[in-house]
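Visitor: Handing you this structure, nothing more for now.
The values are calculated or read from the model by the stated rules, or taken from the named source; none is laboratory data. This one's a predicted model, so the numbers in the text were calculated from it and none came from an experiment. Glycine gets a Cβ as well: all are built from the backbone with ideal geometry, and neighbour counts include every protein chain shown. What goes into the accessible areas is simple: the full protein's heavy atoms, side chains included, and nothing from ligands, DNA or RNA. Shrake-Rupley method; radii C 1.70, N 1.55, O 1.52, S 1.80 Å.
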Amino acid sequence: MEEAEALHACRRGDLDQALERCRSLFAVLHEGAPVVPFTVMPPTSYGRAPALSGDVDAAMEQHRVALDRLGRRNQNRPLLLMVRAGFGLAEQARGDQERAAVLFGASTGVEPPDDLPETAERTRAARAALGEERFTACFARGAAMSWRELSAMVD
């Protein structure tokens with residue numbers, strides 16, 4: 001419930017409430033939770049709020065935690081793609097539209113505009129900043145990205 005409220009607050013632009021809700025969730029959730037989504041979703045949701053507010057270091061750290069918890073062999077593709085989109089938001093907040101476009105491409109398949117509108121909006125912003133040809137090349141490169149390539153890119 002806290003996670004849903006945090007994501008909803010983030011979507012409506014209430015980043016302070018999103019961060020507060022995520023911190024509340026962290027307080028009751030231990031790292032040994034048996035189900036992967038319960039250990040991955042909080043940091044990736046939490047990481048969206050600082051990315052959108054410009055705190056790139058905090059955003060990257062939370063998405064790295066989520067990626068580590070997800071694990072290399074996990075087959076939960078929607079979670080992996082959400083983490084990748086979160087890295088894209090952070091890179092865009094840093095001002096690197098090209099890396100953001102690569103990571104948005106890596107998140108294809110789970111980020112429909114109605115589901116996570118901030119990602120769709122930021123993807124459009126990257127397209128506008130880079131131009132159609134450059135954006136398309138970056139996005140395609142991201143769509144073909146392996147786990148190893150993603151890990152190297154975000155370390």
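Visitor: Could you please tell me which pairs satisfy a Cβ distance under 6 Å, a separation of 6+ or placement on different chains, a first residue in region 116-141 that is without any contact (Cβ under 8 Å) to a residue 60 or more places away in the chain, and a second residue that is open to solvent by 40 Å² or more (accessible area, probe 1.4 Å) and part of a helix (DSSP H, G or I)?
Guide: Ala126/Gln97; Ala129/Gln97; Leu130/Gln97; Phe135/Arg127; Cys138/Glu98
Visitor: Any residue that is farther than 21 Å from Gly142 by Cα, of a type in the set (A, V, I, L, M), more than 12 Å from the chain's Cα centre (by Cα) and at pLDDT below 80 - is there at least one of those in region 36-57?
Guide: Scanning region 36-57 turns up at least one residue that is farther than 21 Å from Gly142 by Cα, of a type in the set (A, V, I, L, M), more than 12 Å from the chain's Cα centre (by Cα) and at pLDDT below 80.
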